Amino acid sequence: MSRLARLPRIMLAPNGARRGKADHPALPVTIAETVAAARAGFAAGAQALHAHVRDAAGQHTLDAGLYRELIAAMAEAVPAMPVQITTEAVGRHAPDEQRAVVRAVMPEGVSVALREMWPQPGPDRAAAAFYAWAAEAGIAVQHILYGPDDVARLAALAGDGALPQPLQLLFVLGSYASQRPARPGELDAMLAAAGSLAEAGAWAVCAFGRHEQACLLAAAARGGCMRIGFENNIARPDGTPARDNAGQVAALVRALAAQDA
């Protein structure tokens, strides 16, 4: 069984698809840098890695060979930390490319944006077959949801039997594209749209901007899990530049301990 069959409480997302060294010098781009960031994040309290890989020019890619190389390096350096890959399209990768990388890599887990993998309303045989195959293969699929409309559509597909259950959900708060910072209050609409799908431990939050930590604390208080890292935010809660990914994880762990006290 995949170690990601249940969501980890804290998942590290150290780089994402869009930011680079110009945004923050501690943002990992190479596989070696990503593994080093994962090792430090694991020591600080993260339990899993949400991984993006970059090509020779530092651009986001769905290269199966690079993903396999990263997973092998992680197994050597941080064997207790499972790796979740992503199929994020970034406006360049079609659904068939997204499905192909998962089939080629066979990861423990993958995050997949519903609106990218199943872009049109109505039946989609290729998308439905992919989700069924992933469930049969034991690959934990986390559904990326960018707003309440996405959540409602996912719930409808699940209700129609088009998606294998149980589901893992990722609620994205705020927006990178529009530079709209996340706010904790956005979570209410997501949870309302999810209804009974949002069982404790089956959903997580990631949040863009300096209110990331506040959003993650709100999620934890309501039974959710958390994805944190430079993919979504490179600032401390006061707006000053963060030191690195591990520092962000350590600060969240301290804030969670204070909240739970």
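Could you please find all residues in segment 157-213 being at positive phi and either assigned to a loop (DSSP other than H, G, I, E, B) or among the charged types (D, E, K, R) (or both)?
Answer for segment 157-213, where residues must be at positive phi and either assigned to a loop (DSSP other than H, G, I, E, B) or among the charged types (D, E, K, R) (or both): 161, 174, 179, 201, 209.
Give me the pairs: first residue in segment 83-103 and at pLDDT 95 or above, second residue in a loop (DSSP other than H, G, I, E, B) and among the acidic types (Asp, Glu), beta-carbon distance under 9 Å, and six or more apart or on different chains, which are they?
Note: pairs meeting the criteria are 83/108; 84/108; 85/108; 95/124; 98/88; 101/63.
So which residues in segment 21-36 are more than 19 Å from the chain's Cα centre (by Cα) and of a type in the set (D, E, K, R), if there are any at all?
Matches in segment 21-36: 21, 23.
Looking at segment 133-155, I want the residues that are surrounded by 21 or more Cβ atoms within 10 Å (Cβ to Cβ) and have a partner that is modelled with pLDDT under 95 with Cβ atoms under 7 Å, at least 6 apart or on another chain. Which pairs are those?
139/2; 140/2
Checking residue 210 against (1) touching a strand residue (DSSP E or B) at 6+ places or on another chain (Cβ under 7 Å); (2) surrounded by fewer than 21 Cβ atoms within 10 Å (Cβ to Cβ); (3) touching a residue at least 40 places away in the same chain (Cβ under 8 Å); (4) not polar (S, T, N, Q), which test does it fail?
(3)
Six or more apart or on different chains, Cβ atoms under 7 Å: show the pairs whose first residue is in segment 27-45 and within 20 Å of residue 256 (Cβ to Cβ) and whose second is of a type in the set (Val, Ile, Thr) and surrounded by fewer than 19 Cβ atoms within 10 Å (Cβ to Cβ).
Taking only residues 6 or more apart or on different chains, the pairs are 44/253; 45/253.
Go through segment 225-242 and count every residue that is assigned to a loop (DSSP other than H, G, I, E, B) and either touching a helix residue (DSSP H, G or I) at 6+ places or on another chain (Cβ under 8 Å) or under 15 Å from residue 175 (Cα atoms) (or both).
9
Take residue 80 and decide whether it is of a type in the set (Gly, Ala, Ser), surrounded by fewer than 20 Cβ atoms within 10 Å (Cβ to Cβ) and over 28 Å from residue 251 (Cβ atoms).
Taking the combined requirement at face value, the residue does not satisfy it.
Would you confirm, using the coordinates I've provided, whether residue 160 is buried (at least 20 other Cβ atoms within 10 Å of the Cβ), among the charged types (D, E, K, R) and either closer than 24 Å to residue 85 by Cβ or modelled with pLDDT under 95 (or both)?
In short, no.
The values are calculated or read from the model by the stated rules, or taken from the named source; none is laboratory data. Because the structure is predicted, anything quoted here is derived from the model rather than measured. All Cβ positions, glycine included, derive from the backbone under ideal geometry; neighbour counts span all protein chains shown.
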